[in-house]
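Below is one structure, written out as structure tokens, with a few remarks after it.
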Amino acid sequence: MLTTAISGVFSISAAALFSFSLLSKLVDRMVSLSVGILLATSLLHALPEAFESGADTHALFALLLAGLLGFFLLEKFAILRHSHHHEDDGHGHEHGHDAKEAGAAGWMILVGDSLHNFTDGILIAAAFLADPHLGILTGLAIIAHEIPQEIGDFIVLLNAGFSRKRAYAYNIISGLTAVVGGLVGYFMLDRSQEWIPYVLVFASSGFIYIAVSDLMPQMQRRASMRETIPQIVLIALGVAIVLFLTGHAHAH
């Protein structure tokens, strides 16, 4: 409960802080850290946990493939993330185009985010039922990738004519759907433990997809050596955080 609440509310509050003060350098840094945490959590912890559970390996790999393709299609249909057009983004829209598009997008974003946070809650519950350390890691990974995404959402909501207070309030409500997802996941999965490896694989497919298709391409646009070195250091830091926490998990 606490992890789902923190992952929902903390990431939104942090995003609000960044958006309203526009510390864009820190946002870029969060993306790099996020990639390290997402990839390490899925590839070094969640997937091994799922594959060592005794579940059918072929079925798990098939689900991993289905998850990756599923997230690709979700993104295609703009359910998972939304076209973040900003005025003066260099795409040459006529003035006011973004405000019009954002006006309609504002509510879509909130609905999409609520669904997204609900599933995050289920994933956190599954991870906790598999191993409490994995639950904390999953919460961390979700917070790390939520902050940059929520910042984009805030910008779109403000662009859509929401006041800062209203954008923050609606986003918090949408974030709390993670708690609902956590409760649903806990009571459903607690009764059917054999589903846990499958949920872990599905969660991992989402983490890998977001890191590889969404976050890494953003990082590749900053190709100078001055940008690249901090990116590499922060990815390594993300991996180190996961290894440190999982090392402690295995030690116990």
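Each reported figure results from applying straightforward, stated rules to the coordinates on display, with no laboratory input. Bear in mind the structure is a predicted one, so any value in this text is a computation, not a measurement.
Residue by residue, what Karplus-based ³J(HN,Hα) values in Hz, rounded to whole numbers, does region 187-197 have, using 6.51, -1.76 and 1.60 with θ = phi - 60° and x for Gly and Pro?
Karplus-based 3J(HN,Hα) across region 187-197 equals 6, 6, 6, 4, 7, 10, 4, 5, 7, 4, x Hz.
Can you pull the Kirkwood radius for region 160-252, inverse mean 1/r over Cα pairs, to one decimal in Å?
Taking every pair of different Cα atoms in region 160-252, averaging 1/r and inverting gives 17.3 Å.
So what's the gap between the Cα centers of region 40-64 and region 150-200, to the nearest angstrom?
Result: 24 Å between the Cα centres.
I need two numbers for region 122-187: Rg to one decimal and Dmax as a whole number, Cα atoms only, in Å.
14.2, 43
Which translational diffusion coefficient, to the nearest whole µm²/s, is obtained for region 199-252 from the Stokes-Einstein equation, given a Kirkwood hydrodynamic radius over C-alpha pairs, 20 °C and 1.002 mPa s?
Calculated translational D: 165 µm²/s.
When the Karplus curve 6.51 cos²θ - 1.76 cosθ + 1.60 is applied with θ = phi - 60°, which whole-Hz ³J(HN,Hα) does each residue of region 39-50 get, with x for Gly and Pro?
5, 5, 4, 6, 7, 9, 10, 5, 5, x, 4, 5
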